[in-house]
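The values are calculated or read from the model by the stated rules, or taken from the named source; none is laboratory data. In this text, all values refer to a predicted model and were calculated from it rather than measured experimentally. A quick note on method: Cβ atoms are made from the backbone with ideal geometry, for glycine too, and the neighbour counts reach across all protein chains shown.
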Amino acid sequence: MSENKYKHRYYYKESYEAAIGTFATAIVFLFVAILSLFFIAFNIEFIGLKDWGYWLFIPAFFIFIGGFQQLYRKYKYQQVVKNALIQRNFEGTHKLEHIALEIGMRPKDILRVLVDLRAKGIVQYSFSSETGEIVLGKAIIYTPANEYVPPAKKLETPLLTEGKNFCVYCGHKIEASGKYCPNCGSNL
């Protein structure tokens, strides 16, 4: 199946992301707004904060609403993926792209959801080292390599994997030869 052929089939348009950054921003706005009330009460002049700082309650409120929307979206995405895995009885070998097309989510978002579900102990899975497909019901124990250095968040080109006995993306020790990491599914 071609990725471009089905690129408009994904109806979950928003990304699956953590809400902690949103809540941290809202808390900073809220702190400055409360601090401005303190400055008003004690008539303290600090960069004019007592004159304008209380207005930050408004954006703090809307940022909190955005954070709760992100939490709800995260919950909804987890439920959708969990239901797709329940239909598969949490077992078998499946292509990530097929699951993505079935439920209408982008494959990268499904991977993030799967990592969260695995961390919560809801689902067990690994990746086939030969095909890169998801093997449901097969637990994997993460074994970190001593020489692993985490890569940068944004990569221009794929990392070199030749001659390394670990996944350069997640640091999992690779025991047997294969094309894919059994822990994260990265192409080796």
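Assorted remarks:
- Residue match in the range 122-143 (condition: part of a helix (DSSP H, G or I) and not assigned by TED's automatic domain parsing to the domain that holds C184): no
- Here A41, A60, A24, A84 are screened, and the one residue that is touching a helix residue (DSSP H, G or I) at 6+ places or on another chain (Cβ under 8 Å), of a type outside the set (V, I, T) and more than 19 Å from A139 (Cα to Cα) is A60.
- When I65, I58 are checked against the criterion of being free of Cβ contacts under 8 Å to residues at least 40 places away in the same chain and under 30 Å from M105 (Cα atoms), I65 stands alone in meeting it.
- Residues satisfying the stated conditions in the range 120-151, i.e. more than 28 Å from S177 (Cβ to Cβ) and of a type in the set (G, A, S): G121
- Of the criteria (1) in a helix (DSSP H, G or I); (2) surrounded by fewer than 17 Cβ atoms within 10 Å (Cβ to Cβ), which one E17 fails: (1)
- The lone exception for C170 - which of (1) closer than 15 Å to K95 by Cα; (2) of a type outside the set (F, W, Y); (3) crowded, with 16+ Cβ neighbours inside 10 Å it fails: (1)
- Filter result for E17 (acidic (D, E) and within 30 Å of I122 (Cβ to Cβ)): yes
- Residue in the range 61-73 that is out of contact with any Cys (no Cβ under 9 Å at 6 or more places or on another chain), under 12 Å from F29 (Cα atoms) and either surrounded by fewer than 15 Cβ atoms within 10 Å (Cβ to Cβ) or not assigned by TED's automatic domain parsing to the domain that holds I122 (or both) present: yes
- Qualifying residue in the range 116-130 (condition: aromatic (F, W, Y) and over 25 Å from A18 (Cα atoms)): no
- Hits in the range 112-154 - residues which are surrounded by fewer than 16 Cβ atoms within 10 Å (Cβ to Cβ) and under 14 Å from N187 (Cα atoms): E130, T131
- Residue within the range 93-114 that is farther than 13 Å from Y12 by Cβ, within 14 Å of the chain's Cα centre (by Cα) and assigned to a helix (DSSP H, G or I) present: yes
This table checks each residue for (1) loosely packed, with under 14 Cβ neighbours inside 10 Å; (2) at pLDDT 90 or above.
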| site | (1), (2) |
| --- | --- |
| N4 | yes, no |
| H8 | yes, no |
| Y12 | no, no |
| G21 | yes, yes |
| A26 | no, yes |
| I47 | yes, no |
| W55 | yes, yes |
